[in-house]
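The values are calculated or read from the model by the stated rules, or taken from the named source; none is laboratory data. Since the structure is predicted, the reported quantities are computational estimates derived from the model, not experimental observations. Glycine also receives a Cβ, built like all others from the backbone with ideal geometry; neighbour counts cover every protein chain displayed. Side chains included, ligands, DNA and RNA excluded: accessible areas come from the protein's heavy atoms. Shrake-Rupley method; radii C 1.70, N 1.55, O 1.52, S 1.80 Å.
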Amino acid sequence: MPELPEVEALASDLRHRLDGRAIARIDIAAFSCLKTYDPPITALNGGFVDNVSRHGKFLDIDASGVHLIIHLARAGWIRWMDEAPKLPARPNSKSPLAARILLDNGAAINITEAGTKKSLALYVVRDPADVPGVAALGPDPLAETFTREVLQGILEANGRAQIKGVLRTQSNIAGIGNAYSDEILHAAKMSPFKPSNSLDDDELGGLYSAMRTVLDDALSRADGMAATELKSEKKRSMAVHGRTGETCPICGDVVREVSFADSSLQYCATCQTGGKPLADRRMSKLLK
Ligand SMILES: [Zn+2]
């Protein structure tokens, strides 16, 4: 799933490509992805693109005051085409194409979603805050106003909730998902199960700077990359996320995995949990 650094890079790539362009029309191939009906999707037709920006993990294409908001979800992606196909995009259950944005110069952007679990979402709104997921977003961790005190307030407000879940909840902090929360906690040498309100001053400082460093580094690597390169770059740069059984680049211990909520998380026991592997609650339940 694309998270803050990838969505930011996609936004900046599109901002350059769409500069001075107008939207000719949008073809919807997977009707379930369009979540709004007023204004209609045709309200975008003929609109000059004023800006492309990001809210958390949402992309926002502002075409003369009508916003197309895109949430790529778990398996969504966008692909640039210098030349749009002659035939209009049509519903086809075998194709990953969800929608196609056609531009006034003959180029197009394909919005695709792989897999069978469809959760990609498109919204056409006059104000980004009309999208419930955007309105509910917490502060952006890369904003200048996101100080150490802001992080402290968020952690304390979440009581004894496990810090891994707190970091990736969009209403707490916007844009961090399963991958970067693993990476941030690894960089901070902190257990993903640590209660959110239990950090001392050093731990808070360490987590804050790990969050900034991990996101800033990812952002500077992704900046200027085309959409096609972003996914492999993200995968390559991970220290623990998605690397179960591989070697921790910091200490050489094996990267472990434990189930968490609806998926799993990866961590290094030596770096993060005093050498003690975390108990997999789902697994031990199954074995009983
Ligand atoms: Zn380690």
Quiz item: Which links in 57/117; 164/189; 234/276; 35/117 stretch past 24 Å when you go from one Cα to the other?
Solution: 234/276
Quiz item: Using the Cβ atoms and a cut-off under 9 Å, what net charge is assigned to the surroundings of residue 109, where Lys and Arg are +1 and Asp and Glu are -1?
Solution: +3
Self-check item: Cut-off under 5 Å, modelled amide H: who pairs with residue 140 long-range
Solution: 174
Quiz item: Modelled label-to-label distance, residue 209 and residue 281, 7 Å Cα→beta-carbon offset: nm?
Solution: 3.3 nm
Exercise. Compute the normalised compactness of the stretch 36-122: alpha-carbon radius of gyration over 2.2 N^0.38 Å, N being the residue count.
Key: 1.09
Exercise. Name the residues whose placed amide hydrogens come within less than 5 Å of the amide hydrogen of residue 260, ignoring near sequence neighbours (fewer than 5 apart) on the same chain.
Key: 265
Quiz item: Taking N as the number of residues in the stretch 130-288, what value does Rg over Cα atoms divided by 2.2 N^0.38 Å take?
Solution: 1.05
Quiz item: Arranged from highest to lowest average of other beta-carbon atoms within 10 Å per residue, in what order do the peptides 63-74, 172-183 appear?
Solution: 172-183, 63-74
Practice problem: Enumerate the calculated ³J(HN,Hα) couplings along the stretch 262-269 in order (Karplus 6.51 cos²θ - 1.76 cosθ + 1.60, θ = phi - 60°), each rounded to whole Hz, writing x wherever the residue is Gly or Pro. | Solution: 8, 9, 9, 10, 10, 7, 10, 5
Practice problem: May I ask you to evaluate 6.51 cos²θ - 1.76 cosθ + 1.60, the Karplus curve with θ = phi - 60°, for each residue of the stretch 273-280 and list the ³J(HN,Hα) values in order in whole Hz, giving x for glycine and proline? | Solution: 10, x, x, 9, x, 6, 6, 8
Quiz item: Which of the chymotrypsin sites (Phe, Trp or Tyr not before Pro) found in the stretch 1-62 are in a DSSP loop and have at most 16 neighbouring Cβ atoms, other than their own, within 10 Å?
Solution: 37
Self-check item: aspartates and glutamates whose Cα lies under 19 Å from that of residue 118, excluding same-chain neighbours fewer than 8 positions away
Solution: 3, 27, 262
Quiz item: How far is helix 201-222 tilted off the main Cα axis of the chain, in degrees rounded to 10, range 0 to 90?
Solution: 40 degrees
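Taking each pair of distinct Cα atoms in the stretch 1-50 once, what is the resulting Kirkwood hydrodynamic radius in Å?
12.8 Å
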Quiz item: How much mean residue ellipticity at 222 nm does the chain get from its helices, if each DSSP H run of length 4 or more adds -39500 (n - 2.57) and you divide by all residues, to the nearest 500 deg cm²/dmol?
Solution: -9000 deg cm²/dmol
Quiz item: Along the stretch 225-242, what does the Karplus equation 6.51 cos²θ - 1.76 cosθ + 1.60 (θ = phi - 60°) give for ³J(HN,Hα), rounded to whole Hz, x for Gly and Pro?
Solution: 7, 6, 3, 5, 8, 4, 5, 6, 5, 4, 4, 4, 7, 6, 7, 10, 5, x
Practice problem: List the GluC sites (Glu not before Pro) within the stretch 4-112 that fall in a DSSP loop (any state other than H, G, I, E or B) and whose Cβ has at most 15 other Cβ atoms within 10 Å. | Solution: 83
Self-check item: Spread of Cα-to-Cα distances over 10 Å intervals beginning at zero, given as percent, for the stretch 199-288
Solution: 14, 34, 37, 13, 2, 0
Exercise. Report the normalised scattering of the stretch 13-169 as log10 I(q)/I(0) at q = 0.08, 0.16, 0.18 Å⁻¹, calculated by the Debye formula with identical scatterers on the alpha carbons.
Key: -0.27, -0.92, -1.09
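Report the Rg/Rh value for the chain, based on alpha-carbon coordinates and the Kirkwood definition of Rh. Present the calculation step by step, with values, prior to reporting the outcome.
Values: Rg = 20.3 Å, Rh = 20.2 Å.
Across the chain, the Cα-based Rg/Rh ratio is 1.00.
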Quiz prompt | Neighbourhood charge, 14 Å Cβ-Cβ cut-off, centred on residue 215 and excluding it, Lys, Arg +1 and Asp, Glu -1 | solution = -4
Quiz item: Gain in length, residue 79 to residue 32, computed as 0.36 nm per residue apart minus the alpha-carbon separation, to one decimal in nm?
Solution: 14.9 nm
Self-check item: With DNA, RNA and ligands ignored, accessible area of residue 21 (1.4 Å probe; Å², nearest 10)
Solution: 60 Å²
Practice problem: May I have the convex hull volume per residue, in Å³, for the Cα set of the stretch 103-192? | Solution: 182 Å³
Exercise. With a cut-off of at most 12 other beta carbons within 10 Å, and DSSP calling the residue loop, which GluC sites (Glu not before Pro) in the stretch 90-166 qualify? Please list them.
Key: 144
Quiz item: How high is the FRET efficiency from residue 94 to residue 144, r the C-beta distance, R0 41 Å, rounded to 0.05?
Solution: 0.30
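Rounded to the nearest whole Å², what accessible area per residue is found for the stretch 109-200 with the 1.4 Å probe?
Each residue of the stretch 109-200 exposes 41 Å² on average to a 1.4 Å probe.
Quick check: net charge around residue 278, other residues with Cβ under 10 Å of its Cβ, Lys/Arg +1 and Asp/Glu -1?
+1
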